[in-house]
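Heads up, the thing below is written out as structure tokens.
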């Protein structure tokens, strides 16, 4: 019998933080280099294919993975039944996707999309084979093992195979090969380093024992489906509109490649916005979800974890969101290349919502851990409907992809308010208590605004004294330096005023990290 123990948050967060940051950095390196090797049209085509596959994959798992993680007591028979059930679903949904690929390609006026879809549908089978060991590793909070598996698969799959094929001129197929090879390598690594509970998972078992797990899994699937659809509906509508309209709102021609170029421009803008969210989302999906599931009946412990997580996320994201929005064009040009500098207004609008999305990710972990999925499903449904309708109207009225970006940001704020209201009730908090927990982030935001304004003014003054105007690349790098320095200054000042945001009030831990500071600061902080 497998029963969750009290989580070791400190060690788990350290390893999973390393894992998540490494994944994001490697993925960013992959995208930065790939953006210089394949076209915007290839990115646009692949973005729609990934949306379709990601949508189907939610059904392909039916919440088996989250059920294994969330369940208080887990029997070996349930693990065996879950394995055979997930493999069957993987095969079924591969066949479904393969069969429906031509219809999807026709809807987007692209036969090539159908070919791409049929190949990446293989990821359903690969993911189903890896589901059990991965879920058990997360349940046991063995994040060092997950880190090793991710590192090997991303380096070989993305950087070696994907970029190698892109350099050889294979275009969108290099992206497909990177995805499939990474998933295959992950599955192999998970099984090589599988936890003890996964031993004998391949043995047959009756599926009747999965009843309670599928009950939770069904609700988790509905919630994940709404969550995923909410994050991708804007890209799908932009892609469909760009491929099937005269594109007058975008000021472009009507050929097929131009439609995919518009989609690629918007999708890469959304990708930049999602980068900081990916870090927090992966931490929430693993450490916080697994840890909160283990203490789901301990209200006081949940409050303590939630309070510390809220303070830490606010401290990290508030100043970072401001800096990213301020220098959106420079971020796009540096990470994706100068041709993507035209995405500046879209990226800036989307970056406004980064802090709100970060808070929503924290609430997502709590919602799934305490099985409060019914209320969350209602909130997500309203968000999806509101965003979908407003984005469709925006495109129909000719307000372009900037208008869609504003729809995303406004509805993200509305979702944040609704989810925040529920979280306060679930945690038995008052609004004032939540604000107090977020004070480090609010102060960091103020310090960041002051730092950016002063440093930017100093930079402009310095450039004004130069005999020759700097190059575009030099300006992008200078602005990036201003953004990084200002955020670091704001984080340091806010941490000195509120050291609990780093150490959670642990006096012994505080003594260790303040020992590296000047004595005057040590005395003040301690």
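The figures follow:
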item	result
Residue in region 472-480 that is more than 13 Å from residue 326 (Cα to Cα), modelled with pLDDT under 90 and assigned to a loop (DSSP other than H, G, I, E, B) present	no
Conditions (1) over 30 Å from residue 41 (Cβ atoms); (2) crowded, with 20+ Cβ neighbours inside 10 Å: number failed by residue 105	(1)
Positions within region 385-401 being surrounded by fewer than 21 Cβ atoms within 10 Å (Cβ to Cβ) and modelled with pLDDT under 90, in sequence order	396, 397, 398, 399
Residue within region 160-176 that is over 20 Å from residue 34 (Cβ atoms) and touching a residue at least 60 places away in the same chain (Cβ under 8 Å) present	no
Unmet criterion (only one of (1) surrounded by fewer than 22 Cβ atoms within 10 Å (Cβ to Cβ); (2) in contact with a helix residue (DSSP H, G or I) (Cβ under 8 Å, 6 or more places away or on another chain); (3) modelled with pLDDT of 85 or more) for residue 372	(3)
Residues that are modelled with pLDDT of 90 or more and farther than 16 Å from residue 50 by Cβ, drawn from region 167-178	167, 168
Any hit, region 291-300, residues being at pLDDT 75 or above, more than 15 Å from residue 400 (Cα to Cα) and either assigned to a helix (DSSP H, G or I) or assigned by TED's automatic domain parsing to the domain that holds residue 448 (or both)	yes
Qualifying residue in region 37-60 (condition: out of contact with any strand residue (DSSP E or B) (no Cβ under 9 Å at 6 or more places or on another chain), in a helix (DSSP H, G or I), at pLDDT 80 or above and more than 30 Å from residue 263 (Cβ to Cβ))	no
Any hit, region 329-350, residues being farther than 22 Å from residue 473 by Cα and buried (at least 23 other Cβ atoms within 10 Å of the Cβ)	yes
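Matching residues to (1) surrounded by 13 or more Cβ atoms within 10 Å (Cβ to Cβ); (2) closer than 19 Å to residue 328 by Cα; (3) touching a helix residue (DSSP H, G or I) at 6+ places or on another chain (Cβ under 6 Å):
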| residue | (1), (2), (3) |
| --- | --- |
| 450 | yes, yes, no |
| 455 | yes, yes, yes |
| 458 | no, no, no |
| 461 | no, no, no |
| 468 | no, no, no |
| 473 | no, yes, no |
| 487 | yes, yes, yes |
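The values are calculated or read from the model by the stated rules, or taken from the named source; none is laboratory data. Predicted model only: the values in this text are computed from it and were never measured. Please note: Cβ atoms are built from the backbone with ideal geometry, for glycine as well, and neighbour counts cover all protein chains shown.
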